[in-house]
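Heads up: the structure comes next, in structure tokens.
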Amino acid sequence: MGNTGYKSFTTLERYYTDNNSPTGETKLNAVSDPDYIAPFLDAENCPPSTRYYNTQQIKTVQKNNCSTGYSGSNVTLTAFANQFVSNESVAEANNQAIAWLDANAQIYANNVGTCLLNIINLPVTKSVIFENRNQSWIDCRNASTATTSYQSNNFLGAANNGSEFIISRYRGSIDTSSVSQKPKSAKLKFKFAQNAVGNALTFHLYSSNVPIPLSQNFELVDWNDWDQSNFIGSTTFPSNSTEYREIILNNAQLDSLSLHEDFNFFIISNGDKLSNAPTSDNRPTLSITADTGNIYLECEF
């Protein structure tokens, strides 16, 4: 440590006052002693060395001790100017400040930061399973309107019952007004209430061409409002699976969510998408009710 300019004594020695000679008696210069001599500034005989102080330094870290499903807030710890001193340079004083921040910033963040829910699940606000029946596969696929619709669990996909072709398509809409910022990621999750098909099944997610407002019911003419340009992603269910599967939304969809644009979408079976006509009537039952499992959008922030 450099010279501070202050002179201090660790030991006191007794002297005779008549001739100023030492008695040989010594004792510690303790604060509690009535004879204590405090340090005093003697800049002439003990000139202070140059002292250098740190400039303000900051470090921002994220609270990292939150429970699963929550993320910590960012917290900034500050080493204020002149908090650290060096006899060598400002850089060395700054290094002291940085070392202090490195040692204490995470502890500080974990103590004063907050935990925020980083995953929200948005259930489908309204949905329908459209069904169309026709003796012609081409006419069945390309019909301008569905034959009927269901608002509870029902078959999904393409089938041939021996006398006619059947196509069932799911269309849903999710209220995204609670999404205050662009999610890091989002996944549509869905499952089957029943599935005894006996082989793997692939399903595709499409956004609709024309969004239907939440206040407006789906009509039969809304069943064919999708095309390949609005493809988002696919997932394949293992044989007979009734577990949830997910399809990840793309970046364009994430941008739409942050703009509070309701998410309008279709779930289309691979058999419906293909041009080859189905040869059997063997389809899973899509789960769209709370008792068997809702379709929902999982957003992570």
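Odds and ends about this structure:
- Each Cα pair under 8 Å and six or more residues apart adds its sequence gap; the mean of these over the residue count of segment 6-116 is a relative contact order of 24 percent.
- Label-zone membership for segment 164-204, site Asn270, 7 angstrom Cα→C-beta point, backbone N under 13 Å: 198-204
- With helices as the sole contributors, the chain gives -4000 deg cm²/dmol at 222 nm; each DSSP H run of n ≥ 4 counts as -39500 (n - 2.57), and the sum is divided by every residue.
- Relative contact order of segment 41-200, defined on C-alpha pairs under 8 angstrom at six or more residues apart (%): 19
- The angle between the Cα long axis of helix 90-112 and the main principal axis of the chain comes to about 50°, on a 0 to 90 degree scale.
- In this simple spin-label approximation, Thr23 and Asn230 carry label points 7 Å from Cα along the Cα→Cβ vector, and these lie 10.4 nm apart.
- Across segment 120-300, the volume of the C-alpha convex hull divided among the residues equals 106 Å³ per residue.
- For the chain: relative contact order, % (alpha-carbon pairs under 8 angstrom, 6 or more apart): 19
- Gain upon complete extension [Ala200, Ser144; 0.36 nm per residue less C-alpha separation]: 17.2 nm
- In plain terms, the chain from Gln181 to Asn121 could stretch by 20.1 nm, reckoned as 0.36 nm per residue minus the Cα-Cα distance.
- Computed over segment 1-158, the range of Cα coordinates on each principal axis works out to 132, 32, 18 Å, biggest value leading.
- Taking every DSSP bridge with both residues inside segment 6-116, close to 100 percent are antiparallel.
- Cα centroid separation - segment 88-118 against segment 125-155, whole Å: 61
- A cut-off under 12 angstrom between Cβ atoms defines the neighbours of Ile268, and their net charge, with Lys, Arg +1 and Asp, Glu -1, is +1.
No lab work stands behind these numbers, since they all come straight from the coordinates. Only a predicted model underlies this, so the values are computations on that prediction, with no experimental measurement involved. Note that each Cβ is placed from the backbone with ideal geometry, even for glycine, and that neighbours are counted across all protein chains shown.
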